[in-house]
Amino acid sequence: MRQRRPPRDWTDGDVALLRDLAAAAVTELELATLSLDYEADRVRWQLAVSAGGVGSFDWDLVSGHIDWDEQMHVLFGIPREQFGGTIEEFRAVVHPDDVAGVEQAIDAAISTCSQYDAEYRVLLPDGTERWVQARGQALAGEDGRAVRMLGAAYDTTAKRDAEGRIARVLETMSAAFFLLDDAWRFTYVNAEAVRLLGRPATSSSGAWCGSCSRRRWAPTSR
């Protein structure tokens, strides 16, 4: 018969070591669970973004490299293997009439570490244009200067086309039509309203808001 070993006398050091090992094992299990939860949340987020047609970008302002996800490449019509991740390549596909406005929005966000918001046209390889709305946030480094910009973009062509159709209808209406903002200022006046009011929609007050075809009515002294 095998002789039984006598019970071990556990010292305080042994007990403390076992407790440390158990705590480490529990921590590893908790981290594994968190990793699984994070991965599941990340996949759900990516699916939601893809379904909504939203692309995301990550611009390293120190190195200058821009990282696009797959949806951004679709939006801009540039395959991943043809995009070098530079701001010059991005600028090259923005409509020439919109470049200045986009650069102004980018510079403002970077200089103040604030939000970036711009809507512009993209020139696609097949010669067509696509409206894109982009929003982002410039992030500051330890010295307070922007070192990174994160953001997202999505297609607003259908919305722009609808606005254009509405504007064309309003401009051809025989009735006067105008819009006022919360401060009771004219934000849109159609041609018939301008004729009845007898005052011009001047460019100095933003006569035509680019392609959105909204004219602002500027009161004039008589």
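The values are calculated or read from the model by the stated rules, or taken from the named source; none is laboratory data. Quick caveat: nothing in here was measured; it's all calculated off a predicted structure. Quick reminder, even Gly has a Cβ in these numbers, built from the backbone with ideal geometry, and neighbours come from all protein chains shown. Please note that ligands, DNA and RNA were not included when accessible areas were found on the heavy atoms of the full protein model with its side chains. Shrake-Rupley method; radii C 1.70, N 1.55, O 1.52, S 1.80 Å.
Answer with yes or no whether E171 is open to solvent by less than 70 Å² (accessible area, probe 1.4 Å), touching a residue at least 40 places away in the same chain (Cβ under 8 Å) and of a type in the set (D, E). Explain how you work it out, then say what you get.
Details: open to solvent by less than 70 Å² (accessible area, probe 1.4 Å): yes; touching a residue at least 40 places away in the same chain (Cβ under 8 Å): yes; of a type in the set (D, E): yes.
Answer is yes for this residue.
Which members of the range 5-15 meet the condition of being surrounded by 10 or more Cβ atoms within 10 Å (Cβ to Cβ) and modelled with pLDDT of 70 or more?
Step one: of the range 5-15, the residues surrounded by 10 or more Cβ atoms within 10 Å (Cβ to Cβ) are 10, 14-15.
Across the range 5-15, there are no qualifying residues.
Looking at the range 51-78, I want the residues that are more than 19 Å from D155 (Cα to Cα) and have a partner that is surrounded by fewer than 19 Cβ atoms within 10 Å (Cβ to Cβ) and among the charged types (D, E, K, R) with Cβ atoms under 7 Å, at least 6 apart or on another chain. Which pairs are those?
That search, which allows pairs on different chains as well, returns W59/R148; D60/R148; L61/R148.
Give the number of residues within the range 134-156 that are farther than 23 Å from S63 by Cα and open to solvent by less than 20 Å² (accessible area, probe 1.4 Å).
Of all residues in the range 134-156, those farther than 23 Å from S63 by Cα come to 154-156.
Pick out the ones that are also open to solvent by less than 20 Å² (accessible area, probe 1.4 Å) and you get 156.
Residues meeting the conditions: 1.
Table: residues versus (1) without any contact (Cβ under 8 Å) to a residue 12 or more places away in the chain; (2) buried (at least 17 other Cβ atoms within 10 Å of the Cβ); (3) touching a Phe, Trp or Tyr at 6+ places or on another chain (Cβ under 9 Å); (4) under 27 Å from E70 (Cα atoms).
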position: V102; (1), (2), (3), (4): no, yes, yes, yes
position: T112; (1), (2), (3), (4): no, no, no, no
position: P125; (1), (2), (3), (4): no, no, no, yes
position: W131; (1), (2), (3), (4): no, yes, yes, yes
position: A158; (1), (2), (3), (4): yes, no, yes, yes
position: D181; (1), (2), (3), (4): yes, no, no, no
position: N190; (1), (2), (3), (4): no, yes, yes, no
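Can you tell me which residues in the range 124-140 are closer than 15 Å to R160 by Cβ and either part of a strand (DSSP E or B) or touching an Asp or Glu at 6+ places or on another chain (Cβ under 6 Å) (or both)?
Restricting attention to the range 124-140, the residues satisfying the condition of being closer than 15 Å to R160 by Cβ are 124, 128-134.
Correct list: E129, R130, W131, V132, Q133, A134.
Output yes when any residue across the range 69-89 is among the acidic types (D, E), assigned to a loop (DSSP other than H, G, I, E, B) and open to solvent by 30 Å² or more (accessible area, probe 1.4 Å), and no when none is.
yes
Looking only at the range 141-184, filter to residues that are hydrophobic (A, V, I, L, M, F, W, C) and in a helix (DSSP H, G or I); which one of those is modelled with the highest pLDDT?
Within the range 141-184, the match that is modelled with the highest pLDDT is A158.
Among (1) modelled with pLDDT under 70; (2) more than 28 Å from Q115 (Cβ to Cβ), which single condition is G206 missing?
(2)
Being of a type in the set (A, V, I, L, M) and surrounded by 13 or more Cβ atoms within 10 Å (Cβ to Cβ) is the filter here; which residues of the range 90-100 pass it?
V93, V94, V99
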